[in-house]
Each structure stands twice: as structure tokens, then as C-alpha cells.
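J.: Handing you a structure now.
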Amino acid sequence: MYILLIDDKKSILDFVTPLLMAGGHIVETALNGLDAFEKAQQQSFDLYIIDHLMPVMNGLQLSKNLLSNPFTANTPIIFMTTQNT
């Protein structure tokens, strides 16, 4: 599975990415919603894992943008928060 993991905290990306890769997944990361949306327009992913609170474009807005785009609308989304970590 090709996963786009989006979180503005590098420590979270560094923690979650190896866990997903150990499960046999290929993981691409993005540091904010705008970066993620641009990557999603250039590459097809099997799953998006999106943090809630991020700068530039938050997770809710990113999710709405992905769902409204025909190229990304059918890709599952896991919405997470890493607040207080």
C-alpha cells in the first residue's frame, strides 16, 4: 500500500513512518496540507493519514479538498490528532 502521511511534527513522521514501513507499506510524507495536496495531485496513493492541526492548510481543509477532487475522492482517509504529544 502506498500511503501519504501528513503531519507538521517531524517527530511524529519519524515515529509513524517506520511502523508503516515495517508492515510492508511505502510511505511518502508531507509537512502540511498544501504540500500534501500538491503531492496527491502528482501521485496516486492508496491511503491518506492526516493530522488535524497543521499550518498552511489544516487537516480538515485538506480532507475536504481531497474529497472534492475526482482524482483523490475515492482514496480512504484516516484522520488523526497528535495534539499534546
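The values are calculated or read from the model by the stated rules, or taken from the named source; none is laboratory data. What you are looking at is a predicted structure, and each value in this text was computed from that prediction instead of being measured. In this analysis, Cβ positions are derived from the backbone assuming ideal geometry, glycine residues included, and neighbour counts consider all displayed protein chains. Side chains are part of the model used for accessible areas, which takes the heavy atoms of the whole protein and leaves out ligands, DNA and RNA. Shrake-Rupley method; radii C 1.70, N 1.55, O 1.52, S 1.80 Å.
J.: Which entry in (1) 0.93; (2) 0.97; (3) 1.02 matches Rg/Rh (Cα atoms, Kirkwood Rh) derived from the coordinates of this structure?
T.: (1)
J.: Enumerate the amide H contacts of Leu53 below 5 Å, restricted to partners 5 or more residues apart or on another chain; note that Pro and chain-start residues carry no placed amide H.
T.: Gly59, Thr82
J.: Roughly how many Å is it from the Cα centre of the stretch 1-15 to that of the stretch 26-85, as a whole number?
T.: So the separation of the two Cα centres works out to 10 Å.
J.: Where only protein heavy atoms count, and the probe is 1.4 Å, what is the accessible area per residue for the chain in Å²?
T.: Ligands and nucleic acids excluded, the figure is 57 Å² per residue.
J.: Explain nothing, just compute: Karplus ³J(HN,Hα) = 6.51 cos²θ - 1.76 cosθ + 1.60, θ = phi - 60°, for every residue of the stretch 32-48 in order, whole Hz, x for Gly and Pro.
T.: Running phi through 6.51 cos²θ - 1.76 cosθ + 1.60 with θ = phi - 60° gives 7, x, 5, 4, 5, 4, 5, 5, 5, 6, 9, 9, 8, 10, 8, 7, 10 Hz.
J.: Same structure again: List, in order, the whole-Hz ³J(HN,Hα) value for each residue of the stretch 7-16 obtained from phi through the Karplus relation with A = 6.51, B = -1.76, C = 1.60 and θ = phi - 60°; use x for Gly and Pro.
T.: Those phi angles translate into 7, 7, 9, 4, 4, 5, 4, 5, 7, 7 Hz.
J.: Top to bottom by accessible area (1.4 Å), largest first, where do Ile77, Ile50, Ile26, Ile12 land?
T.: The residues order as Ile26, Ile77, Ile12, Ile50, largest area first.
J.: What net charge do the residues around Met80 carry, taking every other residue with its C-beta under 11 Å from that of Met80, with Lys and Arg at +1 and Asp and Glu at -1?
T.: Around Met80, the charge tally is -2.
J.: Summing Lys, Arg as +1 and Asp, Glu as -1, what charge do residues with Cβ under 15 Å from the Cβ of Asp14 carry, Asp14 excluded?
T.: -2
J.: Find out how many positive minus negative residues lie around Gly33, taking Lys and Arg as positive, Asp and Glu as negative, among other residues whose Cβ is under 15 Å from that of Gly33.
T.: For residues surrounding Gly33, the net value is -3.
J.: What percentage of the solvent-accessible surface of the chain, computed with a 1.4 Å probe over protein heavy atoms, is contributed by carbon and sulfur atoms?
T.: Summing carbon and sulfur atoms, their accessible area is 59 percent of the total for the chain.
J.: What is the spin-label model distance, in nm, from Phe15 to Asp46 if the labels are put 7 Å beyond Cα along the C-beta direction?
T.: Each label point lies 7 Å from its Cα, and together they span 2.5 nm.
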